[in-house]
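Chemist: Here it is, the structure in full.
Values quoted throughout were computed directly from the atomic coordinates according to the rules given, and no laboratory measurement underlies them. The structure displayed is predicted, hence computed values, not measured ones. Note that each Cβ is placed from the backbone with ideal geometry, even for glycine, and that neighbours are counted across all protein chains shown.
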Amino acid sequence: MNNKVSQLSKSPTNNTIWLSTCHSTNSFAQEWIKKNDFEDGWTVSTYEQTNGRGQMGNSWESEPNQNLTFSTVYTFPDLILSNLFFLNIAVSVGIIDYLKNIGFKAEIKWPNDIYLQTKKVAGILIEPHILESKINNVIVGIGLNVNQKKFLNTNAVSLFNISNVEYKIENELEKLLMFVKESLAKLKKGDFDSLKVSYYQKLYLMGKPAAFLSKGKIFMGIIKGVDETGKLIIETENDYQSFNIKEIEFMK
Ligand code: BTN
């Protein structure tokens, strides 16, 4: 295993382990579930992530002891591959519900960045393990900026930056896990419609005219939703177009 684990501690109330340091909790979880039995909701969290991975090969920066960086694992024996994007929907909705519960009105910037007042407060990296065209298990990696005061990345923000309140990260993890679990339970039950409604209610710029950049050109359009593969559907002057993550940028 590549991860440097200097200390393991187990929360007494649930199946969460805390590592004092770790390369990437998603990578740690990948290795762990190869060798160990685990229950739905098994979670690894670290106080210091040294090689945090983000979407599209990016890295995820987080100051030690300030934020939440963790991965939680679920099995989805009945989820078919064409519904894979619903994992992003369910996890995003779970995070937004948690933030609402603690007093923040956050939005989802498609596909699954969590924004507070125009800056990114949380990122999600979902890594499914597919076996015989079925989703065997899924590692849901979440980074939530909690107490960090300053960021090199000018697009990042923490809960502290907005509320001026210091949080106990262990407590916030337990709460956040509850909301994510509740939302994933809806997915397990096949409650796709209600999840999509919640996602759309929280989707940044949904239904509002906005400027986008694609293939070097800026154009105006209105977000209408996402298709079954997770592509963003935009109504443009003449028609509807769908875009994957590499094909489009938001201008604000
Ligand atoms: C993004 O690019 O927005 C996704 C960032 C996901 C970061 C989290 S932190 C915990 C987990 N372990 C990782 O290596 N990445 C995810």
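Chemist: Rank the residues L176, L152 as a footprinting-exposure proxy: fewest other Cβ atoms within 10 Å of their Cβ go first. Walk me through the numbers before you get to the answer.
Modeler: Values: L176 25, L152 6.
By the 10 Å Cβ count, ascending, the order reads L152, L176.
Chemist: Same structure, new question: Note the angle between two axes, namely the Cα long axis of helix 169-188 and the longest principal axis of the Cα atoms of the chain, as a number of degrees from 0 to 90, rounded to the nearest 10.
Modeler: The answer is roughly 60 degrees.
Chemist: Let me ask another. Computed on alpha carbon atoms, what radius of gyration and Dmax characterise the range 167-252, expressed in Å?
Modeler: Here Rg and the maximum Cα pair distance are 16.6, 51 Å.
Chemist: Where the only charges are on Cβ atoms (+1 Lys, Arg; -1 Asp, Glu), what is the dipole of the range 4-201 about its Cα centre, to the nearest 20 debye?
Modeler: Numbers: 20 positive and 20 negative charges, 63 e Å.
With Lys and Arg at +1 and Asp and Glu at -1, about 300 debye.
Chemist: Using a 7 Å offset from the Cα along the Cα-to-Cβ direction at both E61 and K150, what is the distance between the two label points in nm, to one decimal?
Modeler: The answer from the label model is 1.2 nm.
Chemist: With everything on Cα atoms, drop me the angle between helix 25-35 and the longest principal axis of the chain, reported from 0 to 90° to the nearest 10.
Modeler: Helix 25-35 sits roughly 60 degrees off the main axis of the chain.
Chemist: Out of the trypsin sites (Lys or Arg not before Pro) in the range 105-179, which ones are loop residues according to DSSP with at most 14 other C-beta atoms within 10 Å?
Modeler: Counting only loop positions with at most 14 other Cβ atoms within 10 Å, the trypsin sites (Lys or Arg not before Pro) in the range 105-179 are K105, K149, K150, K168.
Chemist: Now, a different point. Can you figure out the FRET efficiency of K217 with I162, using R₀ = 35 Å and their beta-carbon distance, to the nearest 0.05?
Modeler: Numbers: r = 35 Å, r/R0 = 0.99.
The pair K217/I162 has a calculated efficiency of 0.50.
Chemist: How high is the FRET efficiency from K224 to K189, r the C-beta distance, R0 30 Å, rounded to 0.05? Working shown, then result.
Modeler: Working: r = 26 Å, r/R0 = 0.88.
Calculated transfer efficiency: 0.70.
Chemist: With a ≥ b ≥ c the root eigenvalues of the C-alpha gyration tensor of the range 100-202, is it rounded (a/c under 1.5), prolate (a/b larger than b/c) or oblate?
Modeler: Cα axes put the range 100-202 in the prolate bin.
Chemist: Can you tell me the convex hull volume per residue for the range 209-250, based on C-alpha atoms, in Å³ to the nearest whole number?
Modeler: On the way: hull volume 2.6 nm³, N = 42.
With only Cα atoms used, the range 209-250 gives 62 Å³ per residue.
Chemist: Separate question: Calculate, in nm to one decimal, what K252 and N238 gain on full extension: separation in residues at 0.36 nm each, minus their alpha carbon distance.
Modeler: Details: separation 14, 0.36 × 14 = 5.04 nm, distance 2.24 nm.
That pair, K252 and N238, stretches by 2.8 nm at full extension.
Chemist: Using alpha carbons only, how many degrees (0 to 90, rounded to 10) separate the axis of helix 192-202 from the longest principal axis of the chain?
Modeler: In the chain, helix 192-202 runs at an angle near 80 degrees to the longest axis.
Chemist: Please work out the C-alpha center-to-center distance from the range 126-140 to the range 84-111 and express it in whole Å.
Modeler: After rounding, the separation between the Cα centres reads 21 Å.
Chemist: Which of K35/K181; K150/K202; K100/K181; K100/K175; K105/K202 have a Cα-Cα distance over 18 Å? It would help to have the intermediate numbers written out before the result.
Modeler: On the way: K35/K181 23 Å; K150/K202 26 Å; K100/K181 16 Å; K100/K175 12 Å; K105/K202 9 Å.
Long pairs (Cα-Cα over 18 Å): K35/K181; K150/K202.
Chemist: Using only the Cα atoms, work out Rg/Rh for the range 4-201, with Rh taken as the Kirkwood radius, to two decimals.
Modeler: Value, to two decimals: 0.94.
Chemist: Want the number for N136 to F38: 0.36 nm per residue separation, take away the alpha-carbon distance, what's left?
Modeler: Values: separation 98, 0.36 × 98 = 35.28 nm, distance 1.29 nm.
Here the segment from N136 to F38 would lengthen by 34.0 nm.
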